[in-house]
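Colleague: Quick one: the structure is below, and I'll ask about it shortly.
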Amino acid sequence: MLNQLTISELTGKLAKKESSAREAIQACLDQIQKVDGQIHAFLSYDAADALAQADAADKALASGATHSQQPLLGVPIAIKDVLAVKNHPLNCASKILGKFISPYDGTVIEKLKAAGAIVFGRLNMDEFAMGSSTENSAFGPTHNPWDIARIPGGSSGGSAAAVAADECIATLGTDTGGSIRQPAALCGCVGLKPTYGRVSRYGLVAFASSLDQIGPFTKDVRDSATLLEVMSGVDHRDSTSVPQPVPRYHSALTGDIKGLKIGLPKEYMIGGLDPQVNAAVQAAVQQLQKLGAEVVEISLPHTDYAVATYYIVATAEASANLARFDGIRYGARVDGKDPIELYSNTRGAGFGPEVKRRIILGTYVLSSGYYDAYYLRAQKVRTLIRQDFLKAFEKVDAIVTPTTPTAAFKIGEKSDDPLQMYLSDIFTISCNLAGICGLSLPCGFTTNPKLPIGLQLLGKPFGEETILKIAHAYEQSTNWHKERPLLKI
Amino acid sequence: MAGTEIDVKYVAHLARISLSPAEEQKIGAQLGNILGYIEKLKELDVSQVEPTAHAVPLINVTRPDEIRPSLPTDEALRNAPAKANGLFLVPKIVE
């Protein structure tokens, strides 16, 4: 089944003319037909458009185009509903955008298309990427392919579930506080959050501009390297993208991690850590040692303040970024007797509960009289958190942690308690505050029920090669990434 | 956890979001809870610490000041809820 393949397996078959791009996208569309009724990873997709892109790829392959020129030629890749793809819908899983159709391609989409990818589908997410379970989608939750009574993680839950359920070859998501790594961990795939500034955000609907990054969901580490290389690079349309050369990430995948130093932060061994998650991560650490890495205990003393810092910084930025959804230039409009009432009515009707909660919290922490006590203080604590990491990276090449404190929880379990939901992001949030890179990959399963467990690797700013190298060496010495959920069809 | 009072009605007005009385009450209780948790940042002495706005400090990113293609008007208006004569239509602002 072509939809089950990795990017490297599929491009191998396409290059040898054993399969066509049309067969590959058709296999994905068939799988979506079969399983997405129970998973709900996709909000929409345009089969005719995807097939037309596949035919164009097949034509290019027939006339001699190669994967060394176009590394994604003929590879179906689905997109989180927060990235602009020209002439496709863009809703951020919110009602407020109405029937919005993107008038242009975001930079990462341009890059995927230039690399030959079949860009298709809109993947479900928490509304405006605010959430950890995909339950905040205005169009209904996504279900975890390993147990459809459970959440897939969030906010990029659709992106993770679509890869885990073999509905496509790879997907894109975004990560503001863990929204790539956490769902990747809970669905058993590889998710990478690049360093802040590594990937252009032009065409990404902004949530928290000092934290957001776009990254890939894939079935193995090699594919993650392939996609990162395509997506990365400076872009004059995103002034926060960094003019740092893009390495050949594949070259780092040598399997040799002898002598690398990996830090284990003692602050991450918290009370709420599930014993099965802890056991899987400890076993993974031993495996890394067997492979020749040196594991040392490190300290990130301000870890306990990360969630509070994040929910000030992220909501403050969101309250400013989401001011643009006012019913004037695009989206649904609810009229009022004057412009102020129009804004309030439109936003009151268009935003869901979590988005309203965060905008109001963000407005409050920025409001007159509270700015110094909340926002400015949080920005200062952010400095301390970042310094923790930079100090740690003077001693180690990477940091290893669990990605999440527990495996996937049940749909509805935390949806009435926002604070408990926020605390489930405890291991992923610091990475965004510090602006470093992070990756989650499968490192085992819980028993009864069988649910994936994720291992998180954190790297220095622009240290993606090192975490990909370590992740690849670990993955090649285990079989976790080959396991697939048993879906009822 | 210590609750913190927040005037949700006033802040929602600042944020231009109309809320039902039920929403006001629910959000008020939840935000009180969250703000109570956030209070823990006051444990730290940050008097000697500089704030971080961005993790990667790029300063004065500029581009050449030259004309280049931008989104055509009809494309920019494509998703407008109300438009006429190449413009967005809005309620009357000045009497």
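Colleague: Can you tell me which of (1) open to solvent by 20 Å² or more (accessible area, probe 1.4 Å); (2) more than 8 Å from chain B (Cβ to nearest Cβ); (3) farther than 26 Å from A:Ala206 by Cα is the one A:Leu366 doesn't meet?
Modeller: Condition not satisfied by A:Leu366: (3).
Colleague: Against the condition within 14 Å of chain B (Cβ to nearest Cβ) and more than 16 Å from the chain's Cα centre (by Cα), how does A:Phe100 come out, does it pass?
Modeller: Values: within 14 Å of chain B (Cβ to nearest Cβ): yes; more than 16 Å from the chain's Cα centre (by Cα): yes.
Criteria met by A:Phe100.
Colleague: So A:Thr383 passes all but one of these: (1) open to solvent by less than 10 Å² (accessible area, probe 1.4 Å); (2) β-branched (Val, Ile, Thr); (3) free of Cβ contacts under 8 Å to residues at least 40 places away in the same chain. Which condition number does it fail?
Modeller: That leaves (1) as the condition not met.
Colleague: Determine which single condition B:Ile34 fails, assuming it passes every other condition in (1) open to solvent by 60 Å² or more (accessible area, probe 1.4 Å); (2) under 21 Å from the mean Cα position of the chain (by Cα).
Modeller: Evaluating B:Ile34 over (1) open to solvent by 60 Å² or more (accessible area, probe 1.4 Å); (2) under 21 Å from the mean Cα position of the chain (by Cα) leaves (1) as the failure.
Colleague: Another question, then. Looking at A:Thr466, is it in contact with a Gly (Cβ under 6 Å, 6 or more places away or on another chain), more than 18 Å from A:Tyr268 (Cα to Cα) and of a type in the set (Ser, Thr, Tyr)?
Modeller: yes
Colleague: I need a count of the residues in the range A:469-480 that are open to solvent by 20 Å² or more (accessible area, probe 1.4 Å), in contact (Cβ under 8 Å) with a residue 24 or more places away in the chain and within 16 Å of A:Gly255 (Cα to Cα).
Modeller: 4
Colleague: Restricting to the range A:336-362, what's the tally of residues that are more than 7 Å from chain B (Cβ to nearest Cβ), assigned to a helix (DSSP H, G or I) and of a type in the set (D, E, K, R)?
Modeller: Selection size over the range A:336-362: 3.
Colleague: For A:Ala117, are the conditions met, namely being more than 14 Å from chain B (Cβ to nearest Cβ) and either of a type in the set (Phe, Trp, Tyr) or under 21 Å from A:Gly12 (Cβ atoms) (or both)?
Modeller: Taking the combined requirement at face value, the residue satisfies it.
Colleague: Taking the residues in the range A:320-334 that are more than 14 Å from B:Phe88 (Cβ to Cβ) and in a loop (DSSP other than H, G, I, E, B) as candidates, determine which candidate is nearest to the other protein chains (Cβ to nearest Cβ).
Modeller: Within the range A:320-334, the first condition is being more than 14 Å from B:Phe88 (Cβ to Cβ), and the residues that meet it are A:320-323, A:325, A:332, A:334.
Applying the additional criterion that residues be in a loop (DSSP other than H, G, I, E, B) yields A:325, A:332, A:334.
Numbers: A:Phe325: 10, A:Ala332: 7, A:Val334: 9 Å.
Only one residue tops the list, namely A:Ala332.
Colleague: Separate question: Those residues that are open to solvent by 10 Å² or more (accessible area, probe 1.4 Å), free of Cβ contacts under 8 Å to residues at least 40 places away in the same chain and in contact with a Pro (Cβ under 8 Å, 6 or more places away or on another chain), I need them from the range A:339-357; list them, please.
Modeller: A:Pro339
Colleague: If the requirement is being at pLDDT 95 or above, closer than 26 Å to A:Thr226 by Cα and of a type in the set (Asp, Glu), which of these qualifies: A:Asp126, A:Asp147, A:Asp212?
Modeller: A:Asp212
Colleague: Does A:Ile118 fit the bill of being of a type in the set (A, V, I, L, M) and surrounded by fewer than 24 Cβ atoms within 10 Å (Cβ to Cβ)?
Modeller: no
Colleague: Here's a follow-up. Considering only helices (runs of 4 or more DSSP H) fully contained in the range A:376-436, which possess at least 3 residues that are basic (Lys, Arg)?
Modeller: Counting at least 3 such residues, we get A:377-395.
Colleague: Has the range A:225-232 got at least one residue that is more than 23 Å from the chain's Cα centre (by Cα) and part of a helix (DSSP H, G or I)?
Modeller: No: the range A:225-232 contains no residue that is more than 23 Å from the chain's Cα centre (by Cα) and part of a helix (DSSP H, G or I).
Colleague: Sticking with this one: Within the range A:136-149, identify whether any single residue is over 28 Å from A:Cys443 (Cβ atoms) and not in a loop (DSSP other than H, G, I, E, B), and answer yes or no.
Modeller: no
Colleague: Using the structure shown, decide if B:Ile59 is more than 9 Å from every other protein chain (Cβ to nearest Cβ) and either within 30 Å of A:Pro243 (Cα to Cα) or open to solvent by less than 50 Å² (accessible area, probe 1.4 Å) (or both).
Modeller: Spelling it out, B:Ile59 is indeed more than 9 Å from every other protein chain (Cβ to nearest Cβ) and either within 30 Å of A:Pro243 (Cα to Cα) or open to solvent by less than 50 Å² (accessible area, probe 1.4 Å) (or both).
Colleague: Another question about this same structure. State yes or no: is A:Leu441 within 20 Å of A:Ser132 (Cβ to Cβ), open to solvent by less than 10 Å² (accessible area, probe 1.4 Å), assigned to a strand (DSSP E or B) and of a type in the set (A, V, I, L, M, F, W, C)? Let's see the steps before the verdict.
Modeller: Values: within 20 Å of A:Ser132 (Cβ to Cβ): yes; open to solvent by less than 10 Å² (accessible area, probe 1.4 Å): yes; assigned to a strand (DSSP E or B): yes; of a type in the set (A, V, I, L, M, F, W, C): yes.
Yes, satisfied.
Colleague: Look at A:Thr315 and say whether it is buried (at least 20 other Cβ atoms within 10 Å of the Cβ), in contact with a Phe, Trp or Tyr (Cβ under 7 Å, 6 or more places away or on another chain) and of a type outside the set (A, V, I, L, M, F, W, C).
Modeller: no
Let's see how each residue does on (1) open to solvent by less than 70 Å² (accessible area, probe 1.4 Å); (2) more than 7 Å from every other protein chain (Cβ to nearest Cβ); (3) in contact with a strand residue (DSSP E or B) (Cβ under 6 Å, 6 or more places away or on another chain); (4) touching a residue at least 24 places away in the same chain (Cβ under 8 Å):
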position	(1), (2), (3), (4)
B:Val8	yes, no, no, no
B:Asp45	no, yes, no, no
B:His54	no, no, no, no
B:Glu66	no, yes, no, no
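Colleague: Kindly indicate whether A:Asp425 is over 22 Å from A:Thr174 (Cα atoms) and more than 7 Å from chain B (Cβ to nearest Cβ).
Modeller: Spelling it out, it is not the case that A:Asp425 is over 22 Å from A:Thr174 (Cα atoms) and more than 7 Å from chain B (Cβ to nearest Cβ).
Colleague: Looking at the range A:37-59, I want the residues that are closer than 30 Å to A:Ala149 by Cβ and have a partner that is open to solvent by 40 Å² or more (accessible area, probe 1.4 Å) and basic (Lys, Arg) with Cβ atoms under 8 Å, at least 6 apart or on another chain. Which pairs are those?
Modeller: Listed by first residue and then by second, the contacts come to A:Gln38/A:Lys488.
Colleague: Consider A:Ile262 against the criteria (1) at pLDDT 95 or above; (2) surrounded by 14 or more Cβ atoms within 10 Å (Cβ to Cβ); (3) closer than 30 Å to B:Lys42 by Cα: it satisfies all of them except one. Which criterion is unmet?
Modeller: (3)
Colleague: Ok, one more. With respect to the numbered conditions (1) open to solvent by less than 80 Å² (accessible area, probe 1.4 Å); (2) within 22 Å of A:Glu341 (Cα to Cα); (3) more than 8 Å from chain A (Cβ to nearest Cβ), which one is the sole condition not fulfilled by B:Glu95?
Modeller: Status for B:Glu95: all satisfied but (1).
Colleague: Hey, can you tell me all the residues within the range A:284-301 that are within 25 Å of A:Leu423 (Cα to Cα) and open to solvent by less than 60 Å² (accessible area, probe 1.4 Å)?
Modeller: Once the filter is applied, which keeps residues that are within 25 Å of A:Leu423 (Cα to Cα) and open to solvent by less than 60 Å² (accessible area, probe 1.4 Å), the range A:284-301 yields A:Ala284, A:Val285, A:Ile298, A:Ser299, A:Leu300.
Every residue, every condition in (1) within 23 Å of A:Thr303 (Cβ to Cβ); (2) of a type in the set (D, E, K, R), yes or no:
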residue	(1), (2)
B:Lys9	no, yes
B:Ala12	no, no
B:Leu19	no, no
B:Leu31	no, no
B:Leu35	yes, no
B:Ser47	yes, no
B:Glu50	yes, yes
B:Ile67	no, no
B:Val90	no, no
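Colleague: What number of residues within the range A:204-231 are within 22 Å of A:Ala184 (Cβ to Cβ), open to solvent by less than 10 Å² (accessible area, probe 1.4 Å) and within 14 Å of chain B (Cβ to nearest Cβ)?
Modeller: So the answer is 4.
The values are calculated or read from the model by the stated rules, or taken from the named source; none is laboratory data. As the structure is a computational prediction, the values presented were derived from the model and not from experiment. Backbone-built Cβ (ideal geometry, glycine too); neighbour counts: all protein chains shown. Keep in mind that these areas ignore ligands, DNA and RNA; they rest on the heavy atoms of the full protein, side chains included. Shrake-Rupley method; radii C 1.70, N 1.55, O 1.52, S 1.80 Å.
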